[in-house]
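Any read-out appearing in this document is the output of simple, stated calculations on the displayed coordinates, not a laboratory observation. Fair warning: this is a prediction, and the values are worked out from it, not measured in the lab. Ideal geometry is used to build each Cβ from the backbone, glycine not excepted, and the neighbour counts take in all protein chains shown.
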Amino acid sequence: MNLDELVSKAEDLFVLPDSVLRLKRCMDDESSSIEDIGEIIAFDPSLAAQLLRVANSALYRFPNRIETITKAIQVVGTRSTYDLALAYGVSQAFSKVDAQIIDLDKFWEHSVSCGLLAKYFADMRNTKEPERFFVAGLLHNIGELVVVSTLPEAAQRCLNFSEQVTPAELQFGVLGYTYSQVSARLIQKWGIPETIATPIANIHNIQDDTSTDNDRILQLSYVLSLDNVNPEIYPSYHNLKPELHEQLSLNKDDLEDALDITNLQCISVISLFNPNAFMLY
């Protein structure tokens with residue numbers, strides 16, 4: 001099955017919640033107010049509860065508890081509210097994926113770790129709207145869930161990566177494309193902003209001279225999280241190319257700090273987006 005056929009099939013299998021689609025239309029309307037956005041979120045109790053849980057989580061660490069949707073939107077920001085609602089909507093769209101082929105806990109650990117690292121580096125560099133980097137990291141590998149659901153035997157073969165063969169190399173050898181390419185194409189079909197889709201599409205293009213700093217943040221976060229959640233396969237920094245962090249003016253101490261901080265956040269944040277995780281809040 002080629003990439004176009006796979007993405008077309010995925011569009012039918014995985015559908016974003018209506019509240020997320022309505023929220024996107026509202027965000028695209030310049031005349032919309034915080035009250036309009038809050039009304040859409042409040043109409044979906046599970047989304048409203050999720051936004052409050054995220055706003056009060058380790059992802060933000062606000063000093064005072066946030067108890068209303070309007071306050072959460074004001075504190076988090078309207079664009080970030082959409083980004084977080086989108087992340088929740090995607091996790092719900094894939095909530096019924098069969099867990100017999102892949103370790104879903106490890107899948108979400110890698111996804112959340114990548115997202116937290118990307119947001120951390122975006123914050124470090126004072127990049128605008130750092131939540132979109134979290135969402136890009138969180139969604140970079142949803143293509144694996146698509147392949148698990150449609151081509152389970154191929155997904156099984158793609159689990160056999162090693163020190164010698166990276167996951168992306170193995171995926172390309174088995175499928176002719178990578179999971180991140182599936183992810184990028186599907187979220188483009190869903191109308192998700194290019195600021196999220198493009199870095200995902202470029203996540204493995206480390207040697208590409210046209211890569212932007214936004215691309216490099218996600219590339220670096222992917223490599224660090226890959227090694228971080230697979231210590232039985234990869235020693236620390238095994239897949240790290242020095243130019244990845246040097247081009248972002250980061251040193252090894254910066255990377256150590258990023259890993260230390262995001263590892264502490266990871267367990268509680270996983271519970272927000274892994275549909276099968278034990279809820280900590």
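Which of the peptides 125-138, 182-195, 10-23 is most tightly packed, and how do the rest follow, going by the mean number of other Cβ atoms within 10 Å of each residue?
125-138, 182-195, 10-23
I'd like the Karplus ³J(HN,Hα) series for the range 192-199: coefficients 6.51, -1.76, 1.60, θ = phi - 60°, whole numbers in Hz, and an x wherever there's a Gly or Pro.
With coefficients 6.51, -1.76 and 1.60, one gets 6, x, 4, 4, 9, 5, 5, x Hz.
Considering the chain as a Gaussian network with a 10 Å cut-off on Cα pairs, which listed residue, Val229, Val54, Val146, attains the greatest mean-square fluctuation?
Judging by the Gaussian network model, the answer is Val229.
Counting other beta carbons within 10 Å of each Cβ, put Cys114, Cys266, Cys26 in order, fewest first.
Lowest to highest Cβ neighbour count: Cys26, Cys266, Cys114.
With θ set to phi - 60°, apply the Karplus curve 6.51 cos²θ - 1.76 cosθ + 1.60 along the range 101-112 and write out the HN-Hα couplings as whole Hz, x wherever there is a Gly or Pro.
8, 10, 7, 5, 4, 5, 4, 6, 4, 5, 5, 5
Quick check: from the Cα gyration tensor, does the range 161-281 come out rounded (a/c under 1.5), prolate or oblate?
It is rounded, given that a/c, with a ≥ b ≥ c, falls under 1.5.
What are the residues whose amide H is under 5 Å from the amide H of Asn141, where those residues sit 5 or more places off or on another chain and H is modelled from the backbone?
Here nothing satisfies the definition.
Using Cα pairs under 8 angstrom and six or more residues apart, how large is the relative contact order of the range 185-258, in percent?
21 percent
May I ask you to list the lysines whose Cα is less than 19 Å away from that of Lys241, ignoring any residue fewer than eight positions away on the same chain?
Lys252
Among Ala87, Ala122, Ala48, which one shows the highest mean-square fluctuation when the chain is modelled as a Gaussian network with alpha-carbon springs under 10 Å?
Ala48
Could you work out which residue, out of Gln100, Gln92, Gln50, moves most in a Gaussian network model of the chain, that is, has the largest mean-square fluctuation with Cα springs under 10 Å?
Gln100
Express the relative contact order of the chain as a whole percentage, based on alpha carbon pairs under 8 Å and six or more residues apart in sequence.
That works out to 21 percent.
If neighbour count is taken as other Cβ atoms inside 10 Å, put Ser111, Ser268 in order from fewest to most.
Lowest to highest Cβ neighbour count: Ser268, Ser111.
Shape verdict for the range 182-250, please, from the Cα gyration tensor: rounded (a/c under 1.5), prolate (a/b greater than b/c) or oblate.
Numbers: a/c = 2.73, a/b = 1.46, b/c = 1.87.
Because a/c hits 1.5 or more and a/b fails to exceed b/c, the range 182-250 counts as oblate.
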